[in-house]
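Have a look at the structure below, then the notes.
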Amino acid sequence: MSPRPTSGRHAATGRAAAADRLARADRSRTFPPLPARSGARGLFAESWWGSAWLDALETTALDSARLARGRTYARDGHVDTINITPGRIVATVRGSRPRPYSAEVRLRTLSDTQWDHLLDAIAAQPDQLTALLAKKLPSALAEEEVRLLPGPGDLVPRCSCPDHGRPCKHAAALCFQVARLLDADPFVLLLMRGRGERELLDELSRRNATHTARETRGHTLVASPPPGTERSTPGHTPDAPAAATAPGAHAYPTNVTPQGVLARAALADRPRPPLPPPLPVPRHPGRPPALPDADGLPFDPAALEFLAADAAARAHACVSAVGTRADGAQRPPTTSPFPALPPWEDAIRLAATAHPTAGLTATTRALFRDLADATGRTPTDVARAVAAWRQGGPEGLALLETPWDPPAGDFDRARGALLAADLPALRPRHNHLTDPDRGIQLRFGHDSRWYPYESEPGAEDWWPTGPADPDPVGALTTLLAR
């Protein structure tokens, strides 16, 4: 028995899956935020199809004041990343609140029959296909039976804001920015109607080739007389046939040398230019954009922003840790800037570094509650640990939770230095120097730095306060000055 052709079926399945992935990717385009436009006047759309898009928006709008406000939002760059898929345009728009709103515009897609009619019309006119390839929308398409451009009432806006205007200023701002995208690329409009650029060009090429072959065959049938009706011409008789050209051969004039490039020369391995030097490391990690706080999202926007900020900080630290050799090449770091941490320490690192300067706002309180539930601690424990991490990183957290007995030396000499500086006498215990009546304390770290703490007098409720200092006199002086 011969083996089953499973490998062929698997290969066909793999090709089909790859084609499906390409088709899905072709039907989704994401555009970065467009820059703000300078000047308060001037048309928002420069092409006739972009202007037609705005005409549809203006005929849909019920309030011209919202349109004017949306135009201002778009001009000032309030519209963030725009995603366009068949029948749907989505973007976040920054308004007056800290979190942006999720704006959406829906548009009816064309049916398969309408696409067939439209593509046949384009393929039959080479000038229309040429215009599309040049990122121009042929004006003749506006006169076709299939309406490609939206008309009154075709644009259906939605927004997560409390304004029930149709459209609100956020959805209007999105429409104004889409007009700028249409100016640059009319295939954006075709994508809104249901087809991606790659599949459209492939289909137009196929239809154009079919149309050209049909026309060529028609001309050949007209130009070739039926057998037995050949007309004689001067100097040509049936007994003296013309020299035939071999099939597949090209008849060049005898005095012309064929031009071209040999395949071996075209495919030869050419020396490549050197890579440009690496870009300088940014001074600070970037901040992720704020996400809309909308109902029905499959994720927590605040948690996702939190993780994105941490990912940016980690990436910045990793890039900063990469050294550079004398020849300009990058050298990997000898140690990881982010060693593996237990869950509790990593949770505190996340909370402390994602918002390094945030106070106890409503957002941070909610974050501390979530982390406390996840780690089995209290929100107060989390807040205290975050303060310790911000004070000294892993060492600061270790000093908060675990006392230790330092060897003789710097710790013992610190008391004499404090007395010589006419500062209050502190009582030693383990690595702590404490004055409970004043509510002040210094903790000596493994890194030979002094970490200041404070508490309500007599409460023994110690909180990290201020940065660590290698000099105990400086650390205590700063603490007393608070």
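The values are calculated or read from the model by the stated rules, or taken from the named source; none is laboratory data. Quantities reported herein were computed from a predicted structural model and do not represent experimental measurements. Virtual Cβ from ideal backbone geometry, glycine too; neighbours counted across all protein chains shown.
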Quiz item: Just wondering, is there one or more residues in segment 58-72 that are assigned by TED's automatic domain parsing to the domain that holds F176, outside any loop (DSSP other than H, G, I, E, B), more than 11 Å from F176 (Cα to Cα) and under 20 Å from the mean Cα position of the chain (by Cα)?
Solution: no
Practice problem: Among the numbered conditions (1) surrounded by 13 or more Cβ atoms within 10 Å (Cβ to Cβ); (2) not in a strand (DSSP E or B), tell me where E460 comes up short. | Solution: (1)
Quiz item: Considering only helices (runs of 4 or more DSSP H) fully contained in segment 349-429, which possess at least 2 residues that are without any contact (Cβ under 8 Å) to a residue 24 or more places away in the chain and not assigned by TED's automatic domain parsing to the domain that holds A312?
Solution: 410-420
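Considering only segment 110-193, give the helices (runs of 4 or more DSSP H) lying wholly within it that have at least 1 residues that are among the charged types (D, E, K, R), surrounded by fewer than 16 Cβ atoms within 10 Å (Cβ to Cβ) and more than 33 Å from the chain's Cα centre (by Cα).
Values: elements: 112-123, 126-133, 169-184, 187-192.
In segment 110-193, 112-123, 126-133 are the helices (runs of 4 or more DSSP H) which contain 1 or more residues that are among the charged types (D, E, K, R), surrounded by fewer than 16 Cβ atoms within 10 Å (Cβ to Cβ) and more than 33 Å from the chain's Cα centre (by Cα).
Being part of a loop (DSSP other than H, G, I, E, B) and at pLDDT 90 or above: is that true of G77 here? Steps first, answer last, please.
Details: part of a loop (DSSP other than H, G, I, E, B): yes; at pLDDT 90 or above: yes.
Considered against the rule, which asks whether it is part of a loop (DSSP other than H, G, I, E, B) and at pLDDT 90 or above, G77 comes out as yes.
Which one is modelled with the highest pLDDT among residues in segment 86-109 that are among the charged types (D, E, K, R) and in a loop (DSSP other than H, G, I, E, B)?
The extreme case among them is R108.
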Quiz item: Has segment 46-67 got at least one residue that is within 30 Å of P301 (Cα to Cα) and surrounded by fewer than 21 Cβ atoms within 10 Å (Cβ to Cβ)?
Solution: yes
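Scan R264, R270 and give me the residue that is outside the structural domain of R365 (by TED's automatic domain parsing), at pLDDT below 80 and not in a loop (DSSP other than H, G, I, E, B).
Working: R270 fails: not in a loop (DSSP other than H, G, I, E, B).
Exactly one of R264, R270 is outside the structural domain of R365 (by TED's automatic domain parsing), at pLDDT below 80 and not in a loop (DSSP other than H, G, I, E, B), namely R264.
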